[in-house]
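S.K.: Here it is, the structure, as structure tokens.
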Amino acid sequence: MKWEKISQIFGLSLVAICFILALTRVIFREVESRDPNQITIRFAHWQLEGTVPRALDALAAEYMKLHPGIKIEQIRIPNKVFAMWSTTQLVGETAPDLIQMQALAADKLVRYMVPLTNYVYEPNPYNKGNEFENIPWRDTFFDGLVNAPSYNENLLELYGIPQTMHVSRVFYNKDLFKKIMGDTRIPQTYEEFQALCEAVKAYSKKTDTIVIPLAASRDSTGIGWTLFSSQTQKLTSKTDSINALRGKGLEENKIAFLKNELDIASPEYQSGLRIFREVSQYMQSGYTTLNREDAAFYFLQGRAVMTMAGSWDASTYFSQSPFNVGVFTLPLPSPNHPDYGRYVLGPITEAGLQSSFSFGLSRTSAHPEIALDFLKFITSKHGNETFSKIAKWLPAVRNVPLIDIIEGFKPVSDGFPSGPALSTWGPDVDRLINNNLYLLSDPNGSVEKFTAAIKPYYNEALISEARRNLRERLKNSARMDSQIGAASQLSLTDPSDQRKVSMLFEAQNFNEAGYYYVRYELKKLGISPDN
Amino acid sequence: MRILNHSQTSSGGLLASLLRAAGLLFLWVNLCLNAYAQDQVPSPQLKPAWDDAAKLLFEDTCIKFEKAIKDYATDPLVLREAQYGLALGLINKQPKTEGNLNRANELFDTVQKTSLDDNMGISSLYYQGRIYEVHRAKISEDKALAIYRDLFTKYPTHPLAQMAYVKYGAISLYQVLPPDEKIKQVLSYEEQGGFLTSPDAQRGFHSLLSQVYTLQKLNPDKTLDHLFALEKVGVSSVDARKDMVVRLAEVSRLQNKKTLAIFYYEKFLNDYSWDSRRYSIQKRLETLKGTEL
């Protein structure tokens, strides 16, 4: 009885203490925000990896030193709740000054974020004294800031400034590697990669320990698909009907499939599936049902020598592994490979990667000019170098030197585009492939079983995707009509709007040319373009 | 005109004079309205509504124009502009309904009743074509084609009528026809496009034809001609500009125009440092220069 009472008092006291602490914090923040001598700029993001907040803290500290009277505050929000949290903050007009950009709908961008387009044509003042001193801010970035979510192609406006770009790499357990392979170099060729995998299997058998070559999950099937697309590289010329040398992901690929110019049963696709299956045998059985965290645990527990992950996971692996971690680029079969070489053009290029981890300026910022200035500071050459060095992420700004540890993330620029893939065209095709992937990856499966399961339904899924794409194109074009009408009307008094009208017409006409082309090809094949 | 003719055929007298005077007054009012409409700038009261429409905020656009229609019911110029603006908002207001599209169509009709020949009248007709082409759940390309034909035949100098010619081409050139008819159709469309003076329409026209000639495998030389013309007019999207330069190089190479191909490959490498095609293009260039030597 007595104990019950004590525990009740203890519980209530705990609640009261928490309440007082929270209240003090809110009051303190409120008082601080009313202090005329103290300007506070807050920025929020979901990159909780240890090194990223540390890098941003370092930049904030440096900025505060340069600008006494300005306080920079970092708000870290878990990924899973960020979308909901940020929407609530934006709608409630309590959003921080700078906020990590996500795929916001156009109407939300317009209502809650400030377009930054006009600022990026001027040089970044924090680049004074370096080679970008007289270069427009946007041209200091690898990708020229033309990609989502920084740039919105419907609004033709830039809303975010990026910090990094990401690549996929093989992370490996250096200690285990040395134990198994001795002083052997890390794999430079596909043959050496295979030899490493075989050596790990042999080691596991010999020592009776559970060690597999590659920890994988349904999120890391990219390793198999990357190898797959090396086998279809030469088919790119068959789908380049517009003579623009573009690689995978084109609508022309769908058309080529429907016209039987591409075929899953063709030697190139079968070879791609064979290499996918081959590498799958070095992963955990049933990996296509596991999630990303499972693969990470497997690797961090030392039960796998390698895992394939994005460079965004680097800080987790580097800081949380009880062993030394190294990184290398997945070696693909060279054109001289006796079996797979005949379909390969060469290494797959990573030039053209899009930048990411962008911050946008919220409309409710009390000090937009200072928030923008901080954004300029962190994305200057010096700022981005500091970020890259501490976060161990690739820089988004050109000419930033790479520290040793991320040298392995340096994008491959001497290479050809990857070939047409099987699984990049949207929900119908993806569902078909993912539902049957076990037939390809599991020990009891085979290329033949997978092909037999996919082939009868593949074109049907492609047609469904093509129709969906046509509807999307029509919707985009239709939306631009009202925009064009309004911008034309506004351009009668403000000629600067005429540029927007021209850009909208250009985008609309390109979009419609694609729309009518796909309809034309479907009709020629006797397929109704409508459902 | 009909009123004047009618008055002239009437015998003299008071009635005839009154009719003549009324006719002259009607003509004068119409001329004034038209003259104003030709140079019509947005009414300052309606600017916030236009700003919303330019930013895709169609719900807000409609609310503001609806209010303006009530507030400026006695000001014919503002009223007409608000009706035009509301129609443009309604075609994209969500959820998209046939009711909204029908109302937009009626509002465009109303705008045209004041004058069909001024900027707003011609624009209204153009957007009626667009309603049939892309907005309705059941699109009607034939109706859109008829409106576009009407536009570029009657108002060939107006930028939207010229754009109607581009839209007309996009629909008709991608119709499935026997090969003989197809080439005749494309050549005829190409020849008749000489009247285009608006850069936006010229860009659309040359881009469309460069694609039609390539994708329908009709004539590579013509593809090149239209790509040159497109380069001259200019393209603002970076991605589209990159594609244009690569296509100029690739089509030149395929046509054995090595010097041209080399020029455009080098231009691409100089202008675009971050693109997945750079290495392929470097290799193309090395091969071409090797064969040139």
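The values are calculated or read from the model by the stated rules, or taken from the named source; none is laboratory data. Being a predicted model, the structure only gives us computed values, none of them experimental. Don't worry about glycine lacking a Cβ; one is built from the backbone with ideal geometry, like all the others, and counts go over all protein chains shown.
S.K.: Considering only region A:171-225, state which residues are in contact with a Phe, Trp or Tyr (Cβ under 7 Å, 6 or more places away or on another chain), of a type in the set (S, T, N, Q) and modelled with pLDDT of 95 or more.
M.R.: Correct list: A:173 only.
S.K.: What number of residues in region A:327-368 are more than 14 Å from every other protein chain (Cβ to nearest Cβ) and surrounded by fewer than 18 Cβ atoms within 10 Å (Cβ to Cβ)?
M.R.: 12
S.K.: What number of residues in region A:350-398 are at positive phi, touching a strand residue (DSSP E or B) at 6+ places or on another chain (Cβ under 6 Å) and assigned to a loop (DSSP other than H, G, I, E, B)? Let's see the steps before the verdict.
M.R.: Step one: filter region A:350-398 for residues at positive phi, giving A:352, A:357, A:392.
Add one more test, that the residue is touching a strand residue (DSSP E or B) at 6+ places or on another chain (Cβ under 6 Å), and what stays is A:357.
Adding the requirement that they be assigned to a loop (DSSP other than H, G, I, E, B) leaves none.
Looking only at that region, the number is 0.
S.K.: Follow-up question, since we're still on this one. Please determine whether any residue of region B:49-70 is touching a residue at least 60 places away in the same chain (Cβ under 8 Å), of a type outside the set (A, V, I, L, M, F, W, C), surrounded by fewer than 24 Cβ atoms within 10 Å (Cβ to Cβ) and within 14 Å of residue A:485 (Cα to Cα).
M.R.: From region B:49-70, those touching a residue at least 60 places away in the same chain (Cβ under 8 Å) are none; that's our starting set.
Scanning region B:49-70, I find no residue that is touching a residue at least 60 places away in the same chain (Cβ under 8 Å), of a type outside the set (A, V, I, L, M, F, W, C), surrounded by fewer than 24 Cβ atoms within 10 Å (Cβ to Cβ) and within 14 Å of residue A:485 (Cα to Cα), so the answer is no.
S.K.: Might you let me know whether region B:134-142 holds any residue that is within 13 Å of another protein chain (Cβ to nearest Cβ), in a helix (DSSP H, G or I), crowded, with 21+ Cβ neighbours inside 10 Å and modelled with pLDDT of 95 or more?
M.R.: yes
S.K.: Please specify each residue of region A:58-105 satisfying the condition of being among the basic types (Lys, Arg) and in contact with a strand residue (DSSP E or B) (Cβ under 9 Å, 6 or more places away or on another chain).
M.R.: Within region A:58-105, the subset among the basic types (Lys, Arg) is A:65, A:71, A:76, A:80.
If the condition is that a residue be among the basic types (Lys, Arg) and in contact with a strand residue (DSSP E or B) (Cβ under 9 Å, 6 or more places away or on another chain), then A:71, A:76 are the ones that fit.
S.K.: Within region B:138-148, is even one residue closer than 21 Å to residue A:505 by Cα and among the polar types (S, T, N, Q)?
M.R.: no
S.K.: Let me spell it out: the conditions are (1) out of contact with any Ser or Thr (no Cβ under 7 Å at 6 or more places or on another chain); (2) acidic (Asp, Glu); (3) over 25 Å from residue B:273 (Cα atoms), and residue A:133 meets all of them except one. Which number is the exception?
M.R.: Residue A:133 satisfies all of (1) out of contact with any Ser or Thr (no Cβ under 7 Å at 6 or more places or on another chain); (2) acidic (Asp, Glu); (3) over 25 Å from residue B:273 (Cα atoms) except (3).
S.K.: Of the residues in region B:269-293, how many are surrounded by 16 or more Cβ atoms within 10 Å (Cβ to Cβ) and either closer than 22 Å to residue A:503 by Cβ or facing chain A (nearest Cβ under 9 Å) (or both)?
M.R.: 10
S.K.: Restricting attention to region A:121-143, which residues are surrounded by fewer than 19 Cβ atoms within 10 Å (Cβ to Cβ) and either touching a residue at least 40 places away in the same chain (Cβ under 8 Å) or not aliphatic (A, V, I, L, M) (or both)?
M.R.: The first filter runs over region A:121-143 and keeps only residues surrounded by fewer than 19 Cβ atoms within 10 Å (Cβ to Cβ), leaving A:121-123, A:125, A:128-131, A:133-136, A:139.
Scanning region A:121-143 gives A:121, A:122, A:123, A:125, A:128, A:129, A:130, A:131, A:133, A:134, A:136, A:139.
S.K.: Something else now. Going by what's in this entry, would residue B:263 be described as more than 14 Å from chain A (Cβ to nearest Cβ), of a type in the set (Phe, Trp, Tyr) and within 25 Å of residue B:284 (Cα to Cα)?
M.R.: Values: more than 14 Å from chain A (Cβ to nearest Cβ): yes; of a type in the set (Phe, Trp, Tyr): yes; within 25 Å of residue B:284 (Cα to Cα): yes.
It is true that residue B:263 is more than 14 Å from chain A (Cβ to nearest Cβ), of a type in the set (Phe, Trp, Tyr) and within 25 Å of residue B:284 (Cα to Cα).
S.K.: Of all residues in region B:143-189 being not aliphatic (A, V, I, L, M) and not in a helix (DSSP H, G or I), which is surrounded by the fewest Cβ atoms within 10 Å (Cβ to Cβ)?
M.R.: First, pick out the residues of region B:143-189 that are not aliphatic (A, V, I, L, M): B:143, B:148-150, B:152-159, B:162, B:165, B:167-169, B:172, B:174-175, B:178-182, B:184-185, B:188-189.
Narrowing the set further to residues that are not in a helix (DSSP H, G or I) leaves B:155-158, B:174-175, B:178.
Working: B:155: 19, B:156: 14, B:157: 10, B:158: 21, B:174: 23, B:175: 14, B:178: 8.
Here the answer is B:178.
S.K.: Going by the structure shown, is residue B:253 of a type outside the set (Ser, Thr, Tyr), closer than 14 Å to residue B:220 by Cα and in a helix (DSSP H, G or I)?
M.R.: Values: of a type outside the set (Ser, Thr, Tyr): yes; closer than 14 Å to residue B:220 by Cα: yes; in a helix (DSSP H, G or I): yes.
For residue B:253, the condition - of a type outside the set (Ser, Thr, Tyr), closer than 14 Å to residue B:220 by Cα and in a helix (DSSP H, G or I) - is met.
S.K.: So, one more: Of the residues A:455, A:523, only one is within 11 Å of another protein chain (Cβ to nearest Cβ), among the basic types (Lys, Arg) and surrounded by fewer than 17 Cβ atoms within 10 Å (Cβ to Cβ); which? It would help to see each step written out before you state the result.
M.R.: Numbers: A:455 fails: within 11 Å of another protein chain (Cβ to nearest Cβ).
After applying the criteria, what remains is A:523.
S.K.: Tell me, which residue of region A:476-512 that is among the β-branched types (Val, Ile, Thr) and under 13 Å from residue A:156 (Cα atoms) is farthest from the other protein chains (Cβ to nearest Cβ)? Outline the logic, then answer.
M.R.: Of all residues in region A:476-512, those among the β-branched types (Val, Ile, Thr) come to A:484, A:493, A:501.
With under 13 Å from residue A:156 (Cα atoms) added as a condition, the list becomes A:484, A:501.
Values: A:484: 9, A:501: 7 Å.
The extreme case among them is A:484.
S.K.: Scan region A:157-178 and give yes if some residue there is more than 25 Å from the chain's Cα centre (by Cα) and in a loop (DSSP other than H, G, I, E, B), otherwise no. First the steps, then the outcome.
M.R.: Step one: of region A:157-178, the residues more than 25 Å from the chain's Cα centre (by Cα) are A:174-178.
Checking which are in a loop (DSSP other than H, G, I, E, B) leaves us with none.
No, region A:157-178 contains no residue that is more than 25 Å from the chain's Cα centre (by Cα) and in a loop (DSSP other than H, G, I, E, B).
S.K.: Would you mind telling me which numbered condition in (1) at pLDDT 95 or above; (2) under 26 Å from residue A:158 (Cα atoms); (3) within 8 Å of another protein chain (Cβ to nearest Cβ) residue B:251 fails?
M.R.: (2)
S.K.: Among the helices (runs of 4 or more DSSP H) contained in region A:435-531, which hold 3 or more residues that are free of Cβ contacts under 8 Å to residues at least 12 places away in the same chain and not assigned by TED's automatic domain parsing to the domain that holds residue A:277? Spell out the reasoning first.
M.R.: On the way: elements: A:438-441, A:447-491, A:496-524.
Per the criteria, A:447-491, A:496-524.
S.K.: Also, quick follow-up: Could you grab me the full set of residues in region A:315-349 that are among the polar types (S, T, N, Q) and either at positive phi or in a loop (DSSP other than H, G, I, E, B) (or both)? Lay out the reasoning, then the answer.
M.R.: Going residue by residue through region A:315-349, those that are among the polar types (S, T, N, Q) are A:315-316, A:319-321, A:324, A:329, A:334, A:336, A:349.
If the condition is that a residue be among the polar types (S, T, N, Q) and either at positive phi or in a loop (DSSP other than H, G, I, E, B) (or both), then A:321, A:324, A:329, A:334, A:336, A:349 are the ones that fit.
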